[in-house]
Structures are given as structure tokens and as C-alpha cells.
Amino acid sequence: MAIEIKEVVSSSDIKTFAKFPFEIYKNASFWVPPIIKDEMKMLMPEKNPAFDFCKAKFWLAFKDGKCVGRIGAIINELYNEKMNEKLGRFSRAEFIDDFEVSSKLFITAEEWVKKQGMTGIHGPLGFTNLDLQGLLIEGFDYMPSIGSVYHHPYYLSHFEKAGYIKEIDWIEFRLEQEDNIPPKALKLRDIIKKRAGVEVLNFTKSSELVPFKKDIFKLLNKAFAELHYVTSFNDKLIEYYSDKYFTLLNPKFVKIIINQEKEVVAFIIALPSLSEAMIKANGKVFPFGIFHILKAMKHPKVVDLLLTGVEPQLQSQGISALLITELQQTMIDHGVRYVETTGIFEDNHKAIQYWKEYNHIQHKRRRCFRKEF
């Protein structure tokens with residue numbers, strides 16, 4: 001049967017786009033479903049403030065009347081201006097194991113990007129670096145964090161057959177938590193605090209985090225400025241992502257460091273793993289998903305390390321080690337056994353070497369691809 005490509009234009013199309021992965025991954029044990037309503041909002045210009053600086057189109061593929069694939073194309077104008085490039089992004093590519101389907105989806109995205117004056121395309125990437133990024137190419141037998149991705153193993157051959165080549169990889173680690181923090185690390189923690197003149201803030205209530213959300217994102221803008229695919233978060237995006245993620249945080253696993261002027265100079269955000277809870281929720285918070293999520297937050301055995309940010313001028317003063325030591329103590333107090341890192345760029349040698357000092361496995365790898373026109 002002929003493959004029909006349909007642009008996503010109606011609310012019904014958006015729902016079909018958001019729900020397609022639930023069909024294609026229905027027998028995949030390690031796929032973690034997103035919240036359907038959040039995925040739908042991401043595609044709506046009136047809901048997603050990234051459309052203020054991004055152009056985007058999305059398409060569905062049908063075969064014999066059945067949805068068999070999807071893809072999006074995004075042009076992040078701020079990122080192109082920052083990098084002095086003309087690149088589009090393909091996003092949320094999912095498809096059955098049929099090269100005709102994947103080929104038509106890639107060609108559709110590429111042709112639209114070309115018409116916008118772009119000279120190449122890369123991905124999978126989203127609107128921002130807090131959106132979906134990368135294709136999983138290693139680690140199919142491990143549960144991803146909610147900050148990571150999962151894909152079918154056959155996707156890689158489809159990408160390569162479509163002419164895509166590697167741009168860069170992210171790698172992920174699973175760390176085993178020790179029963180105690182070594183006295184040497186505790187002594188170093190105290191030395192760093194005194195030398196840098198900083199104070200570590202701990203939290204017990206979500207409401208205590210609210211006054212810091214803008215400061216966290218503003219520091220994130222500075223700390224991540226030189227990383228791949230990053231553009232700054234403006235006030236509208238800060239509110240958007242705060243609304244999406246802050247309600248999921250267990251405040252005990254968030255640490256903020258302030259200097260003597262009470263300015264936020266570093267933070268670490270970890271989250272009790274919600275992956276199994278999200279599988280049980282199956283894309284819906286209510287009426288029952290919320291109970292699985294709340295239960296997972298109370299007694300975690302696995303914690304996902306989501307974000308770490310340090311003021312650039314302090315990055316050589318041991319502040320990252322201070323953050324980790326403070327978080328470790330909380331994890332020990334709560335019986336956490338394992339930590340999942342989110343993606344670390346393969347050229348971030350300092351961070352990679354730091355995690356290798358722990359009892360670890362490097363178990364997952366995802367890739368961003370590129371194609372020139």
C-alpha cells in the first residue's frame with residue numbers, strides 16, 4: 001500500500017501524534033511513557049513559548065489507513081544565530097520497521113527545512129535542551145530515566161540508510177551508592193565551603209523551592225552556555241518548564257549553594273526515579289497515575305541525576321564535588337542504592353572522568369546525527 005504523509009494541523013492530529021509511541025512501544029519493557037497532555041502541549045504554539053523563536057512542522061505517516069510513523073522538523077532561530085549556521089532539526093521520529101515509511105518521513109522533514117533556507121539538518125533534537133534529544137544506540141536492556149529516551153534498536157539502520165552520520169554522542173552512567181561517605185570526602189566538603197565562602201541550602205517542602213526557580217534557570221543559562229544545542233531560557237520558558245517539572249521534584253533531593261551575597265552560585269537537581277511509576281501511569285496523571293508517582297517519590301531505591309549547574313567562575317573550586325557530597329548524604333539517609341546520570345556529552349572529559357571514580361557502569365549511549373544538503 002502507498003504511504004500517505006499528513007501534516008499535523010488539527011487537535012485530533014496532535015493527539016494521534018502524541019499517542020503513536022504508545023502503539024509502537026506497547027511490547028517494549030523499558031519504554032517510559034510521557035504524559036500525553038504534556039506531549040500535546042509541546043506541539044501547540046499557543047502553549048509552548050519556544051515557538052516564539054522556533055518554526056516547526058509535524059507530520060504523520062499512514063499505511064492502509066493506519067498510523068505507522070511520525071516526525072517533526074524544527075528551526076531554532078536563536079541557536080542558528082548563536083552558532084552562525086543554517087540548520088534545521090528533526091524531532092520525535094518514530095516509525096515501524098519499514099524503510100519506505102522512514103524514508104518518506106525523513107524526506108518530508110528535510111524538504112520543509114530546505115524551503116526555509118537551511119543548508120543541513122540534525123537530530124533527533126527538540127525545541128530546547130530540556131526537550132527530547134538523541135537516538136538510543138546502546139543500552140536497550142536498561143530502564144531510562146524520565147530525562148532520557150528509549151528507541152527500538154532497528155532505528156539506527158534507518159537513520160544511516162537515510163544518509164545521516166554521527167555528529168556527537170551522549171553517554172550515561174549507573175552509579176552504585178556507597179553505605180557511607182568517606183571521612184576524606186567530608187573533610188574536603190568542609191574545606192571547600194570555607195575556602196569558597198558558600199552555604200548549602202537544604203529543603204523539605206516544594207514551596208521552599210519556588211523562590212529559587214528563576215535563579216536556577218538563570219544560572220543554567222550561564223553554566224550551559226557553551227554546550228551543544230543550548231539556547232537561553234527566557235522568562236516564559238522558565239515558567240513553562242517550572243510548571244512542568246517543579247511539581248515532580250522531591251525537594252530533599254535538590255541542593256542549592258549560595259554565596260555570601262545570598263546569590264545562587266550552584267545547584268544540583270536529582271529526582272527519585274519515576275520510570276516504573278510512569279509505566280504504570282501509562283501517559284495519564286489522573287485519576288490513578290498520581291498515586292504511582294507519589295509512591296515512587298517517597299521511598300526511592302534509584303535516583304535520577306537531572307541537572308547540575310555551577311557559576312562558571314567557581315567551576316574549578318570543587319563546587320561540583322561539594323554538591324555531590326551533600327546529595328550523597330541525603331541518598332544514604334533515604335536508602336538509595338543507585339544513581340542514574342542523564343546524558344553527558346562524550347567530549348566532556350572532566351565530567352566523565354569524575355563519574356568513573358565511582359563504582360559504575362557506562363550502560364547507555366545516544367547519538368545526534370547530521371546531514372548536509
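Table for the structure above
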read-out: Per-pair calculated FRET efficiency, R0 = 51 Å: Glu178 and Ala225 via Cβ, rounded to 0.05; value: 0.95
read-out: Isotropic mean projected area of the C-alpha convex hull, region 218-370 (nm²); value: 11.0
read-out: Rounded percent of accessible protein surface that carbon and sulfur make up, the chain, 1.4 Å probe; value: 52
read-out: Accessible area in square angstrom per residue, region 152-217, 1.4 angstrom probe; value: 57
read-out: Cα pair distances in region 303-366, grouped into 10 Å bins until the bin that holds the longest one, percent each; value: 16, 55, 27, 2
read-out: Region 143-286: equivalent-ellipsoid semi-axes (sqrt of 5 x gyration tensor eigenvalues, Cα, Å); value: 32, 20, 20
read-out: Centroid-to-centroid separation of region 253-306 and region 11-34 [C-alpha atoms, Å]; value: 23
read-out: Helical contribution to [θ] at 222 nm, DSSP H n ≥ 4, -39,500 (n - 2.57), averaged over the chain, rounded to 500; value: -10500 deg cm²/dmol
read-out: Relative counts (whole %) of C-alpha pair distances in the chain, using bins that are 20 Å wide; value: 28, 58, 14, 0
read-out: Loop chymotrypsin sites (Phe, Trp or Tyr not before Pro), region 202-248, which have at most 16 other Cβ atoms in a 10 Å radius of their Cβ (DSSP); value: none
read-out: Histogram of C-alpha separations across region 236-322, 10 Å bin width, %; value: 15, 39, 30, 13, 3
read-out: Note, ³J(HN,Hα) from phi for region 167-175, Karplus 6.51, -1.76, 1.60, rounded to Hz, x at Gly and Pro; value: 9, 6, 10, 9, 10, 10, 10, 10, 9
read-out: Max mean-square fluctuation residue, GNM over the chain, Cα-Cα springs under 10 Å, options Gln133, Gln315, Gln177; value: Gln315
read-out: Area of Leu306 that stays accessible when all protein chains are in place (1.4 Å probe, Å², to 10); value: 40
read-out: Among Ala18, Ala185, Ala296, residue whose mean-square fluctuation peaks in a GNM of the chain (springs only between Cα atoms under 10 Å); value: Ala185
read-out: Alpha carbon convex hull of region 1-111, projected area averaged over orientations, nm²; value: 7.9
read-out: Hull-based mean projected area of region 147-207, where the convex hull spans the alpha carbons, in square nanometres; value: 9.2
read-out: Leading residue at positive end of dipole, region 243-345 (Cβ point charges), from Ala266, Ile344, Gly318; value: Ile344
read-out: Where N is the number of residues in region 293-336, Cα Rg divided by 2.2 N^0.38 Å; value: 1.42
read-out: Percent of alpha-carbon pairs separated by more than 27 Å within region 47-192; value: 35
read-out: Derived scalar couplings ³J(HN,Hα) [region 44-56; Karplus, 6.51 cos²θ - 1.76 cosθ + 1.60; whole Hz; x for Gly, Pro]; value: 9, x, 6, 10, 9, x, 5, 5, 5, 10, 10, 9, 7
read-out: For His151, distant residues with modelled amide H under 5 Å away; value: Leu136
read-out: Tail fraction, Cα-Cα pairs, region 162-244, threshold 14 Å, whole percent; value: 80
read-out: Candidates Arg189, Arg70, Arg89, ranked by Gaussian network fluctuation over the chain, Cα under 10 Å, top entry; value: Arg189
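The values are calculated or read from the model by the stated rules, or taken from the named source; none is laboratory data. None of the values given here were measured: they were computed from a predicted structure. Positions of Cβ are generated from backbone atoms using ideal geometry, with glycine treated the same way; all protein chains shown enter the neighbour counts. Calculation scope for accessible area: heavy atoms of the full protein, side chains included, ligands and nucleic acids excluded. Shrake-Rupley method; radii C 1.70, N 1.55, O 1.52, S 1.80 Å.
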